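Just below is one structure, and these are the notes that go with it.
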Amino acid sequence: MANDPWFSHLQADLRRFARSLARHEQEAHDLVQEALVKALGFPELADWPDYKQKAWFYRVMKNRLIDERRKDHRLTAWEEQEPEGPLIAPVQDPVETADLLARLPRELSDIVFKRYWLDLSSQEIGAQLGLPAATVRYKLQQAIRQLRKIMEAN
C-alpha cells in the first residue's frame, strides 16, 4: 500500500500525526498500520481529495487510540478491584499455606504466591513469566478453583 500513489504523499503527515498522539514510536507505527489496513476495505477512499483522505486517516487513528486507551483503562480498573470477600477461606498457619500451595502445579503456585504474598499485578507477573496479563488472570482463577477443592476435601 505504501507504493500506491494516493498514500505516498500522505505518509509523512500520517506518521507525524500518529507520533503526536501516541505514547511511543511503536504505538504510532501500529496506529498508521491499522489505519492502512482499514483503508484496504474502503477502496473509494483513493478517489477522495487529499484533505478528505488525510482527515479520514486522522479520525481512524484517533478513534483507534481512544478505543485502546479505554480498553487498557477497563482492564486496569478490573484488575485493581478487590474481590468481595476472601477468594478462599483464610489460612493463618504459614505451614498450612505452604502445604496448600505445594499441592498446586508449580506454575499456578508461583502465580498465587506472587499475586497474594508479593502483591504483584497480573501485568507484573506476566512480564516476569513471559505471559500476557489476561493469561495470568486466567491461571490465577484456575489456581483458586483448585485451592477451593483442596480445602473442601479436607
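The values are calculated or read from the model by the stated rules, or taken from the named source; none is laboratory data. The structure displayed is predicted, hence computed values, not measured ones. Virtual Cβ from ideal backbone geometry, glycine too; neighbours counted across all protein chains shown.
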query = Which of the residues spanning the stretch 112-131 are closer than 21 Å to K71 by Cβ and not in a helix (DSSP H, G or I)?
reply = S121, L131
Candidate set: the stretch 132-143, residues that are surrounded by fewer than 17 Cβ atoms within 10 Å (Cβ to Cβ) and touching a helix residue (DSSP H, G or I) at 6+ places or on another chain (Cβ under 8 Å); chosen: the one farthest from K71 (Cα to Cα) = Q142
task = Collect the residues in the stretch 36-55 that are aromatic (F, W, Y) and within 14 Å of L10 (Cα to Cα), keeping them in residue-number order.
result = W48, Y51
inquiry  = I want to confirm something. Restricting to the stretch 99-111 and keeping residues that are assigned to a helix (DSSP H, G or I) and modelled with pLDDT of 90 or more, which single residue is surrounded by the fewest Cβ atoms within 10 Å (Cβ to Cβ)?
reply    = R106
